[in-house]
């Protein structure tokens, strides 16, 4: 019994009452901030293995970023990563963080399709498709449904069949072998339906973007409704992104 109490005391409260205001540990890397400090931009750009950093002005594309933190370790006077996990958006360009810009990454409610709020505002069933993923984002999507985060309390759940779903959640860079199964699954989802990309690999292809084994043609044909960055994406990023997409701000709680 004493050992049980020790575990409970060490882990603290596991259930998160409010996922929109929860805090994460300081080691978490979320939205980056780039200040105006002058550095060797060429060295900074070449440092990033994912080619997520651009120069003049310096910017970081968190849709490509692996959140390894090397840029902040090498140039701490230039780049810092905050613990802001609310970094999902429905507009790809909002994932590009520019020098001197401290604006939050948010879903633009003005460009969300009207039927999304109307149809999916209280209930959303999703079919997750691992299109060549490494299981990291898949693990976090699973964690979003556990007793700690409890995404199901908002009526957001995963289903086994695309025919029972309101949309698909794609993880992985979309390999050539998964391109056709992905299309088949999407076609099986009844209209209206949404597409959600979770993780760096799904959003940009990540480190595999230039691989001949990748076929991302599906994304050239269909509009993406939500980008959830991360490598992998945090459960709080996933949940808040889906809430911001499907519900008006005043309904988030």
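The values are calculated or read from the model by the stated rules, or taken from the named source; none is laboratory data. All values derive from a computational prediction rather than experimental measurement. Methodologically, a virtual Cβ is constructed for each residue, glycine included, from the backbone with ideal geometry; neighbour enumeration extends over all protein chains shown.
Of note:
- Qualifying residue in the stretch 216-227 (condition: at pLDDT 95 or above, within 30 Å of residue 83 (Cα to Cα) and in a helix (DSSP H, G or I)): yes
- Top-ranked residue in the stretch 112-123 [being touching a helix residue (DSSP H, G or I) at 6+ places or on another chain (Cβ under 8 Å) and within 19 Å of residue 162 (Cβ to Cβ); ranked as surrounded by the fewest Cβ atoms within 10 Å (Cβ to Cβ)]: 116
- Test for residue 60: is it out of contact with any helix residue (DSSP H, G or I) (no Cβ under 8 Å at 6 or more places or on another chain), under 24 Å from residue 231 (Cα atoms) and surrounded by 18 or more Cβ atoms within 10 Å (Cβ to Cβ): no
Per-residue answers, yes or no, for (1) in contact (Cβ under 8 Å) with a residue 24 or more places away in the chain; (2) buried (at least 16 other Cβ atoms within 10 Å of the Cβ):
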position	(1), (2)
14	yes, no
19	yes, yes
26	yes, no
42	no, no
52	no, yes
67	yes, yes
77	yes, no
87	yes, yes
96	yes, yes
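- Residues that are part of a helix (DSSP H, G or I) and buried (at least 18 other Cβ atoms within 10 Å of the Cβ) within the stretch 124-143 comprise 137, 138, 140, 141, listed in sequence order.
- The stretch 157-185, subset assigned to a helix (DSSP H, G or I) and within 16 Å of residue 124 (Cβ to Cβ), residue nearest to the chain's Cα centre (by Cα): 162
- Note on the stretch 89-115: residues that are modelled with pLDDT under 95, under 16 Å from residue 196 (Cα atoms) and part of a helix (DSSP H, G or I) amount to 1.
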